[in-house]
1. If Lys and Arg each add +1 and Asp and Glu each add -1, what is the summed charge of the other residues whose beta carbon sits under 11 Å from the beta carbon of residue 92?
2. Could you compute the net charge surrounding residue 80? Neighbours are other residues with a C-beta less than 13 Å from the C-beta of residue 80; K and R count +1, D and E count -1.
3. Between beta-carbons, use under 13 Å as the cut-off and find the net charge around residue 187, counting Lys and Arg +1, Asp and Glu -1.
4. Wrap a convex hull around the Cα atoms of segment 221-300, take a quarter of its surface area, and give that in square nanometres.
5. Under the rule of -39500 (n - 2.57) per DSSP H run of 4 or more residues, summed and divided by the residues of the chain, what mean residue ellipticity at 222 nm is obtained, to the nearest 500 deg cm²/dmol?
6. Work out from phi, with θ = phi - 60° and the Karplus expression 6.51 cos²θ - 1.76 cosθ + 1.60, the ³J(HN,Hα) of each residue of segment 64-74, listed in order in whole Hz, and give x for Gly and Pro.
7. Quick one: Karplus J couplings for segment 108-125, per residue in order, coefficients 6.51, -1.76, 1.60, θ = phi - 60°, nearest Hz, x for Gly and Pro?
8. Taking amide H atoms as placed 1.01 Å from N in the peptide plane, list the residues 5 or more away in sequence, or in a different chain, whose amide H sits under 5 Å from that of residue 240.
Amino acid sequence: SDDELHARIRAAKEALGERLVILGHFYQRDEVVQHADFVGDSFQLANAALTKPDADTIVFCGVHFMAETADILARPEQHVILPNLAAGCSMADMADEDSVEAAWEELMELYADEDTSDGRASVVPVTYMNSSAALKAFCGRHGGIVCTSSNAATVLEWAFEQGRRVLFFPDQHLGRNTGKAMGVPLEQMPMINPRKPGLGVEPQELLDARVLLWPGFCSVHKRFTVAQIDQARAQHPGVKVVVHPESPMPVVDAADAAGSTDFIRKFVAASEPGDVIAIGTEINLVNRLAADYPDRTIFCLDPVICPCSTMYRIHPGYLAWVLDGLLEGEVRNEIVVDEDVATHAKVALERMLAALP
Ligand code: 13P
Ligand code: SF4
């Protein structure tokens, strides 16, 4: 039964003590979050992996790229476990290493004659945290950097100091929303098509570009629409609308605020009793905030329940199974990033940490 499962997890945690730390992303279901030692957004969880040097094992209740990042940042002796190896991220899968390498080669050829005597590169690769370790390593090797939804503007500012343009992958929406907020005109943010000759964009457009957008997106956040915001405003005059920046640009523009999952949590925490708040992000976080603040009306912009199907693959049953393994001295579902990949990926992650105020 569920009660037995939760009792098993609690007993294993008790037995493993300080040797174990369980991290949980805000999008995890409550049955999992209740067992996490630390809950946060993807940046905070990466930091938590860095700041838990005493634990032998980090059990990461999130998705694959998050566990990979924890493994890259953790001490070499620490084990990182993803309770269900099928918990990936469809957005991260939209940029594979070969396609990014091929697009990069094409850009290098186009920009070959550009004058870089001022020390600024023609293009700086920026990868969203939601990407494979191989792409973070690509950025590490090519003077690039990693960003998360909580620091994308600061990271883009850093990138513009290093170069004339940015190649931003995999999330077109985070790239476009951040570039727009920084004053980059839309016509200087073309979306490339890595499958088409010339990347599907006129050469002059590629030369004039400031942010080259990869065509990736999040299937959860692309569902939010301006019509939903209009409807929320019509039904609840005075409603405050807050969305995640993986949402399409017109949605972010129509909202009152946009930011990472932790930004959304803080936005709600700063509201007043009686406030009405419509949220554009994953349903587990929205429902938890609604339960935590019963004196406010908090609802999801999308009336059709929209969980992140891969985050949802972390079931308490898997958590219990990996903890049972640890009790028996067996590390199940370990995430191990290849050493060479990890070395270069760490360079790009450390550039992000160094760029932050
Ligand atoms: P945060 O960086 O805001 O936690 O978002 C991670 C994510 O996967 C959002 O879809
Ligand atoms: Fe990936 Fe979207 Fe799920 Fe976040 S919500 S893990 S971006 S699929």
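Read the figures in this text as sums done on the coordinates, not as results from a lab. Values in this document were obtained by computation on a predicted structure and should not be read as measured data. With ideal geometry, Cβ positions are generated from the backbone for all residues, glycine too; neighbour counts draw on all protein chains shown.
1. Here the charged neighbours net out to -3.
2. -2
3. Neighbourhood net charge equals 0.
4. Reported value for the Cα convex hull: 4.5 nm².
5. -12500 deg cm²/dmol
6. Per-residue couplings from phi come out as 3, 5, 6, 5, 4, 4, 4, 5, 5, 8, 6 Hz.
7. 3J(HN,Hα) across segment 108-125, in whole Hz: 4, 5, 5, 8, 4, 8, 5, 7, 10, 5, 7, x, 8, 5, 5, 8, 10, x.
8. Residues meeting the amide H criterion: 276, 277, 278.
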